[in-house]
1. Look through the stretch 125-165, keep the residues that are under 30 Å from A57 (Cβ atoms) and assigned to a loop (DSSP other than H, G, I, E, B), and return whichever of them is least open to solvent (accessible area, probe 1.4 Å).
2. Could you say which residue among R105, R122 is part of a helix (DSSP H, G or I), farther than 30 Å from L196 by Cα and either among the hydrophobic types (A, V, I, L, M, F, W, C) or open to solvent by 50 Å² or more (accessible area, probe 1.4 Å) (or both)?
3. Does the stretch 58-79 hold any residues that are open to solvent by less than 30 Å² (accessible area, probe 1.4 Å) and more than 9 Å from the chain's Cα centre (by Cα), and which are they?
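The values are calculated or read from the model by the stated rules, or taken from the named source; none is laboratory data. Bear in mind the structure is a predicted one, so any value in this text is a computation, not a measurement. Using ideal geometry, Cβ is built from the backbone for each residue, glycine included, and neighbour counts are taken over all protein chains shown. When the accessible area is computed, the model is the full protein with side chains, heavy atoms only, and any ligands, DNA or RNA have been set aside. Shrake-Rupley method; radii C 1.70, N 1.55, O 1.52, S 1.80 Å.
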Amino acid sequence: MGAVEALSGPDRAFIDQIEQRARQVGAMLQALPAGDQARADLSVVIATLVDLYARLAEWAELHRLIHDLLAALAPFHALLASADGSALDAEGRQALLQDWRYCQRCVDKLADFAEEVASIGRPFRRKGRELEGERWVVDVVALRMLVEDALKEDDPGLGLIELVEELDGACHRHLAVADRELTAVVDRTRRLLTILQGGLE
């Protein structure tokens, strides 16, 4: 369900009114001659706003997915840290694998999203252990594979802790990038809309 469909009552009525006005403005623009400079300029500005919105939506989704992964990684990391490099007993190892399954699901969601991105980078592609795409997905998926290799060992030990700390650090770095990009896109969008609004005053 989209944001507009989720609205109800006065909010939905207001959006319906704005959409009607937008259709009227669109009809007026279509009535302008094809070679009209104002029409051409406004078309470019609107196309830019549409692109900025697409970027905003994808950066926001990436931010959410990485945040979810960090939340899933925290209990896994904590359990490893509590062992302090010592071998876990059967019960502890089972708990470790259970916690890792939550992390796996989060990485899967991130990879699925990355395969479909259109505005914030190259789509993610993988063939076996060969990975192509943006660093924010390649780093995470590559580290996932290394963590899972370590989990297959009888005694993962400190090597696994180091890998998980590296994964945690990579997530925080890429979360910061998504945060900066979100801020930048919002600022650019606000500037364009302010300029347009200024022309109507």
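1. G133
2. Sole residue among the options that is part of a helix (DSSP H, G or I), farther than 30 Å from L196 by Cα and either among the hydrophobic types (A, V, I, L, M, F, W, C) or open to solvent by 50 Å² or more (accessible area, probe 1.4 Å) (or both): R105.
3. Across the stretch 58-79, the qualifying residues are L69, L70, A72, L73, F76.
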